[in-house]
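J.: First the structure, then my questions, so here it is.
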Amino acid sequence: MAVIEARGLGLTFQTGDGPVHALTDVNLAIEKGDFVTFIGPSGCGKTTFLRVAADLEQPTAGTITVNGMSPDEARRNRAYGYVFQAAGLFPWRSIERNIRLPLEIMGYGRDEARERTTRVLELVELTGFEKKYPWQLSGGMQQRASIARALAFDADILLMDEPFGALDEIVRDKLNEQLLALWARTGKTIGFVTHSIPEAVYLSTRIVVMSPRPGRVTDVIESPLPQERPLHIRESHDFLEIAARVRDGLRAGIGDDI
Amino acid sequence: MTSEAGVSLRSVASGAGVAGPARIGRRLVQGNALPVLTVVAALVVIWYAGAVWLNAPWAYDQAGRAGVELGPVDLVAATWSQDRPRLPAPHQVGAELWRTTMEVAPTSRRSLVYHAWITLSATAVGFGLGALLGVVLAASIVLNRAMDASVMPWVIASQTIPILAIAPMIIVVLASLGVTGLMPKAVISMYLSFFPVAVGMVKGLRSPEPMLMDQMRTWNASTSQTFWKLRWPAAVPYLFASLKVGVAASLVGAIIGELPTGAVAGLGARMLSGSYFGQTVQIWSALVMAAILAACLVGAVGLVERLTKRAMGVVA
């Protein structure tokens, strides 16, 4: 059974300038353990798709299930962790207490929360920064803390909305590498939004190429790359071939709009 | 030999003499002290000049009756030392303040400390009630759409009524209910102070970005969890900003509450009796006392703010 399955999914926003078709007729199945990347220019609906899956937006057409449930039920069952574009750490909480926040909300006991916090901080290599406040950390470290927070509770799905968009390329490379290692270790299903082609190709088992006006899926690419991916795989023939296909897909989707 | 030593000693001495003031001078220029002192000095100069200008007619009148010609120096001396000047000079107010705070027992009716205490206690009760009311109103407005639509207009309307018009009515109504003394003044004080707190806290409780609210939603946080873990801490800076406005408004409210009651004690009563008897020096010293009190209250709120922020880890 697919972890996330969309059938004929559509979302139209009613605005003062008339309807905006953020998503039209999206059919997609994300299997357990997949690393699926959504790529496309702004307005293509990649973030909207993730938000619909997370029950942060309501679809206006079609159906979507998360773990076989409606997004609302899935959210109530805490089926997913969501990482936003900005780290979204609370400035008045230390890193440790930021990570403990969802655990407090979900009613985990004090000892278990402490144990989980220690474990996820280790996972994102932030051990030793427990007592620091967000402003004392670099942007990359803040985003890692944010990922740790999404991992702290037992959600099998990780939805990430351009989590590394605001970071410089060197930090981004490192975090991409760490994310792959983390994915391999935890076996989670990851939905990842980006507008960087190399990032998409490097990370994914499947790449969903999307286009704007109306927001739609134009291509789904299965990656032939092995699960073990050192950074230099990005110079390999396979990698460049997929990147070219993604680029073609993006160009075809945009047409003469730009 | 001797003369050389004398010269060198003198140069050392003069060198030290120059270095000291120069260092102080540099510190004055670099810090805030110099601009602040300049403004204070300018205000004092303007005040003294104003005293000469406003009190001159009376001084000329007196001199004319006595058949004396007033020179400039005499004029200045006469305008700065009248018993009932239109505008008392700073030193007259200072002397009155000193006399009424330091030279009489603080429990005496003639002590400004006593009157300040009466006003302060009404202010404190009114401020406490006002802050509480403001926070509760803001929370209910933010959490409940019906409250937002129905209460907010009344909150704003309440402040369009001149407090001087409504204060006597509050006192009359409360007196008919048997409530007298400190409480009526505290109620007026509350009436003025709840508003800035309510408005500031509505903004503060709504200040978390949509992203943070979405985040709470992804964790399936309840309304009360979102309130206490996100909205409330996010509103803290707004809370203290509005408390500073609120505490000053509380003091004004307490003083106004003392005016129409025929109160015999409190800074407001002091101002009123001063105006009955033309005791401008008394009025001004009560005014200055009120200003000092307001500064202390705002400073106290600021101190609590700093301590709270430090405890929250948000160092400004």
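J.: Cβ neighbours within 10 Å, averaged per peptide: list A:205-217, A:233-245, B:269-281, B:48-60 in order, most packed at the top. Walk me through the intermediate numbers first.
T.: Details: A:205-217: 21.8, A:233-245: 14.1, B:269-281: 17.7, B:48-60: 16.1.
So the order, starting with the most tightly packed, is A:205-217, B:269-281, B:48-60, A:233-245.
J.: Another one. Calculate one ³J(HN,Hα) per residue across the stretch A:9-20 by plugging θ = phi - 60° into the Karplus curve 6.51 cos²θ - 1.76 cosθ + 1.60, and present them in order as whole Hz with x for glycine and proline.
T.: 5, x, 9, 10, 8, 8, 10, x, 8, x, x, 10
J.: Let a ≥ b ≥ c be the square roots of the eigenvalues of the Cα gyration tensor of chain B; is it rounded (a/c under 1.5), or, if not, prolate (a/b larger than b/c) or oblate? Spell out each step's value before the answer.
T.: Values: a/c = 2.87, a/b = 1.33, b/c = 2.17.
Oblate is the answer for chain B, as a/c is 1.5 or above yet b/c matches or exceeds a/b.
J.: OK, next. Karplus couplings for the stretch B:264-278 from phi (6.51 cos²θ - 1.76 cosθ + 1.60, θ = phi - 60°), rounded to Hz, Gly and Pro as x?
T.: Values, residue by residue: 9, 9, x, 5, x, 4, 4, 5, 5, 5, x, 6, 4, 9, x Hz.
J.: Another question, if that's okay. Determine Rg/Rh for the stretch B:79-200; Rg is computed over alpha-carbon atoms and Rh is the Kirkwood hydrodynamic estimate from the same atoms.
T.: Working: Rg = 19.8 Å, Rh = 17.3 Å.
For the stretch B:79-200, the value is 1.14.
J.: Additional query: Dividing the convex hull volume of the alpha carbon atoms of chain A by its residue count, what do you get in Å³ per residue?
T.: Values: hull volume 35.5 nm³, N = 258.
That works out to 138 Å³ per residue.
J.: Next up: Do you know the Lys pair count in the protein assembly as shown for C-alpha distances under 29 Å, with sequence separation 8 or more or different chains?
T.: Counting lysine pairs in the protein assembly as shown gives 24.
J.: Right, next: Using helices alone, what [θ] at 222 nm do you get for the protein assembly as shown, with -39,500 (n - 2.57) per DSSP H run of 4 or more residues, divided over all residues and rounded to the nearest 500?
T.: -20000 deg cm²/dmol
J.: Turning to a different aspect of this structure: May I ask you to list the GluC sites (Glu not before Pro) in the stretch B:36-104 that are in a DSSP loop and have at most 14 other Cβ atoms within 10 Å of their Cβ?
T.: Numbers: sites: B:Glu69, B:Glu96, B:Glu103; in loops: B:Glu69, B:Glu103.
Those that pass, being in a loop and sparsely packed, are B:Glu69, B:Glu103.
J.: Determine, for each peptide in A:187-194, A:107-114, the mean count of other beta carbons within 10 angstrom over its residues, then list the peptides with the highest first.
T.: On the way: A:187-194: 22.9, A:107-114: 12.4.
Top to bottom by mean Cβ count within 10 Å: A:187-194, A:107-114.
J.: For B:Arg86, A:Arg185, what's the fewest-to-most ordering of other Cβ within 10 Å of each Cβ?
T.: So the ranking, lowest neighbour count to highest, is A:Arg185, B:Arg86.
J.: Over the whole of A:129-140, what's the average partner chain Cβ count within 10 Å per residue? Rounded to a whole number, please.
T.: That average works out to 1.
J.: Please report the antiparallel percentage of DSSP beta bridges with both residues in the protein assembly as shown, rounded to the nearest 5. Show your work: numbers first, answer last.
T.: Details: 21 of 39 bridges.
Taking every DSSP beta bridge within the protein assembly as shown, about 55 percent pair in antiparallel fashion.
J.: So if the hydrodynamic radius of the stretch B:24-142 is defined as the Kirkwood radius over C-alpha pairs, what does Stokes-Einstein give as its diffusion coefficient at 20 °C and 1.002 mPa s, in µm² per second?
T.: Working: Rh = 18.8 Å.
Translational D for this selection: 114 µm²/s.
J.: Can you give the relative contact order of chain A as a percent, counting alpha carbon pairs under 8 Å and 6+ residues apart?
T.: Details: 483 pairs, mean separation 65.9, N = 258.
With pairs under 8 Å counted, the relative contact order is 26 percent.
J.: State, to one decimal in nm, how far the label point of B:Ala295 lies from the label point of A:Glu235, with both points 7 Å from Cα in the Cβ direction.
T.: 7.1
J.: Under 15 Å from a label point 7 Å along Cα→Cβ of B:Trp53: give me every residue in the stretch B:71-86 with its amide N that close.
T.: B:86
J.: Report the label-to-label distance for A:Trp135 and A:Arg114 in nanometres (one decimal), using points 7 Å from each Cα along the Cα→Cβ vector.
T.: With each label placed 7 Å out from Cα toward Cβ, I get 2.9 nm.
J.: Could I ask something else about it? Any idea how far apart B:Ser140 and B:Leu177 come out in nm if each label point goes 7 Å out from Cα toward Cβ?
T.: Between B:Ser140 and B:Leu177, the label points sit 1.6 nm apart.
All of the numbers you see were taken from the coordinates with simple rules; none came from a lab. Note that the coordinates shown come from a computational prediction; the quantities given were computed from them, not determined experimentally. Reconstructed Cβ throughout: ideal geometry from the backbone, glycine too, with neighbour counts over all protein chains shown.
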